[in-house]
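Just so it is clear, none of the values below were taken in a lab; they were calculated from the coordinates. Treat the numbers as computed from the prediction; the structure is a model and nothing was measured. Positions of Cβ are backbone-derived with ideal geometry, glycine not excepted, and every protein chain shown enters the neighbour counts.
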Amino acid sequence: MGSGPRTIAIVGAGQAGGQTAYSLRQAGYEGRIVLLGEEPAPPYQRPPLSKAYLKGELEEDRLYLKPIDYYAEHNVELMTDSRVERLDLAAKTVELASGNRLAWDALVIATGARPRRLPVPGAQLDGAMELRTLADVDRLRPRMTSGARMVVVGAGYIGLEAAAVGSQLGLHVTVLEAMPRVLARVAGPEISNFYAGVHRAAGVDVRLGARLEGFEGQTKITAARLSSGEQIACDLALVGIGVHPNIELARDAGLDVGDGIVVGRDHRTSHPDVFAIGDCAFRPLVHYGREGRLESVHNAIEGGKIAAAALLGAPAPAEDVPWFWSDQYDLKLQTAGLSTGADLRVTRGDPASRSFAIFYLAEGRVLAVDAVNAAPEYIVGKKLVAAKASVAPAELADKSISMKDISARALS
């Protein structure tokens with residue numbers, strides 16, 4: 001497995017870019033690997049940023065995907081603080097902001113995504129924060145002190161996780177969500193209603209259908225102003241309203257782009273020697289017969305492994321069902337699959353018990369599952385999704401039938 005291009009450049013040193021380098025070395029690739037990252041840190045996990053790291057329960061080096069010594073020991077040229085300005089596909093070079101150029105034989109684009117910015121007055125005031133990077137959390141954490149007033153704009157995973165941490169740290173938290181329910185993009189109404197209730201029970205002021213008009217303050221944020229005219233006093237505002245994929249380098253280089261960099265099943269772009277992976281890739285979703293972009297750890301790891309295999313001419317690893325998770329308070333939400341297109345939702349267990357699952361079906365087949373503190377439902381549900389299994393809704397709803405028995409019947 002030592003064959004492959006002589007120099008592989010990886011633009012983006014997040015989980016996806018890091019995984020590509022690790023997989024190449026693990027497979028025996030002996031050529032040059034250059035891993036280029038804009039941030040000062042080596043590749044690290046992002047999910048704990050809005051959870052344990054934000055709470056102060058993890059040291060920075062515990063986030064690193066590999067110990068810092070890994071890169072030198074495995075001859076991976078990790079170049080941090082290295083912003084890429086341009087990709088020249090004809091000359092096969094990467095141009096850095098420093099003015100240096102790097103020649104490559106194969107290129108992997110793992111540029112990730114960046115937070116969407118709020119187009120409202122006052123969005124640049126001191127105290128308007130976002131949460132995507134280590135540096136973001138290091139700026140945010142000192143402000144999250146007991147008694148402080150925090151407004152969270154957006155009730156997706158990031159916003160609600162940060163709201164939970166804020167509540168646990170003793171902040172007065174208000175969540176503003178423009179949609180009629182929380183987690184509207186990623187879960188069904190049963191999950192939305194449950195989490196809205198959990199946050200309200202913890203003292204979080206959850207406002208749905210709330211339209212933010214802007215922030216008040218001279219140099220620092222003092223209040224969030226709603227379209228109703230109401231002003232909500234705050235010391236800081238965390239904006240979590242989604243992300244934009246970082247496709248500009250690829251687009252300007254002439255690669256096919258849409259809502260992401262368009263790739264095939266092997267993550268190859270419209271150029272045969274260029275691959276794209278992670279949050280920035282618009283990829284085939286093989287379990288659903290369509291294409292899309294995934295923002296997840298699963299997608300980053302899987303893309304890195306698939307691209308590494310393709311670079312070495314090795315068999316492609318099997319694609320997993322998309323999976324996601326969110327930790328809020330004492331609750332772990334685990335999701336397998338994508339629920340878009342579901343025509344039936346089945347509740348298993350009682351949400352009041354804080355352990356239950358929602359199964360999403362289309363024409364009798366299991367599309368996805370959301371499991372709250374319900375590991376068996378998640379584990380078996382993931383297998384049912386992968387198999388496109390048909391399961392009677394009454395069986396899924398009946399807690400007297402174990403998930404093991406459901407699995408045995410559906411997958412036999």
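A few remarks follow.
- Kirkwood-Stokes translational diffusion coefficient of segment 86-161, alpha-carbon pairs, 20 °C, 1.002 mPa s, µm²/s: 132
- If you wrap segment 330-411 in the convex hull of its Cα atoms and look at it from every side, the mean projected area works out to 4.7 nm².
- Alpha-carbon gyration tensor eigenvalues x 5, square-rooted, for segment 117-239, Å: 21, 17, 13
- Stretch in the chain that is longest and holds no trypsin sites (Lys or Arg not before Pro) that DSSP places in a loop and that have at most 15 other beta carbons within 10 Å: 266-353
- Annotation for E77 and D398: the two label points, set 7 Å from Cα along the Cα-Cβ direction, are 6.4 nm apart.
- Taking 21 Å as the straight-line reach from the Cα of K55, the lysines in range (excluding those fewer than 8 positions away in the same chain) are K332.
- Taking the charge dipole of segment 200-305 about its Cα centre, with +1 at Lys and Arg Cβ atoms and -1 at Asp and Glu Cβ atoms, the residue from A276, H298, V204 reaching farthest to the positive side is V204.
- Other residues with beta-carbon under 15 Å from the beta-carbon of A276 carry, at +1 per Lys or Arg and -1 per Asp or Glu, a net charge of -4.
- A helix-only calculation puts the chain at -7000 deg cm²/dmol for mean residue ellipticity at 222 nm, using -39500 (n - 2.57) for each DSSP H run of at least four residues, averaged over all residues.
- DSSP H segments from the chain that extend 15 Å or more along their own axis, Cα-based, with Kyte-Doolittle mean of -0.5 or above: 157-168, 189-201, 297-311, 375-386
- Counting neighbouring Cβ atoms within 10 Å and putting the fewest first, the residues S82, S98 line up as S98, S82.
- Once the Cα-Cα distance is subtracted from the 0.36 nm per residue extended length, the H298 to D273 segment shows a gain of 6.6 nm.
- Pairwise Cα distances in the chain exceed 41 Å in 19 percent of cases.
- When the chain is described by a simple charge dipole with +1 on each Lys and Arg Cβ and -1 on each Asp and Glu Cβ, the residue from L226, A135, V380 located farthest towards its positive end is V380.
- Normalised per residue, the volume of the convex hull around the Cα set of segment 1-42 (Å³): 59
- Working value for segment 284-398: equivalent-ellipsoid semi-axes of 28, 17, 11 Å, each the square root of 5 times a Cα gyration tensor eigenvalue, largest first.
- Cα pair count fraction exceeding 18 Å, expressed as % - segment 1-136: 60
- Using bins of 5 Å that start at zero, the share of Cα-Cα pairs per bin across segment 171-222 amounts to 5, 19, 22, 22, 14, 10, 6, 2, 0, in whole %.
- Computed from the alpha carbon atoms alone, the convex hull of segment 223-279 holds 130 Å³ per residue.
- Radius 13 Å from Cβ of D126, net charge of other residues (Lys, Arg +1; Asp, Glu -1): +1
- Cα-based equivalent ellipsoid, segment 228-334: semi-axes from gyration tensor eigenvalues, Å: 32, 20, 11
- Taking Cα centre as origin and charging only the Cβ of basic (Lys, Arg, +1) and acidic (Asp, Glu, -1) residues, the dipole magnitude of segment 117-239 rounds to 60 debye.
- Summary of the geometry: segment 294-319 and segment 170-207, compared by the centres of their Cα atoms, lie 34 Å apart.
- For GluC sites (Glu not before Pro), the sites in segment 1-106 that DSSP calls loop and that have at most 13 other Cβ atoms within 10 Å are E30, E57, E59.
- Within a Gaussian network of the chain (alpha carbon springs, distance under 10 Å), most fluctuating of V286, V243, V198: V286
- Net charge, R293 excluded, C-beta distance under 13 Å - Lys, Arg +1, Asp, Glu -1: -1
- Global geometry of segment 267-306, whether rounded, prolate or oblate, following the gyration tensor of its Cα atoms and the 1.5 cut on a/c: oblate
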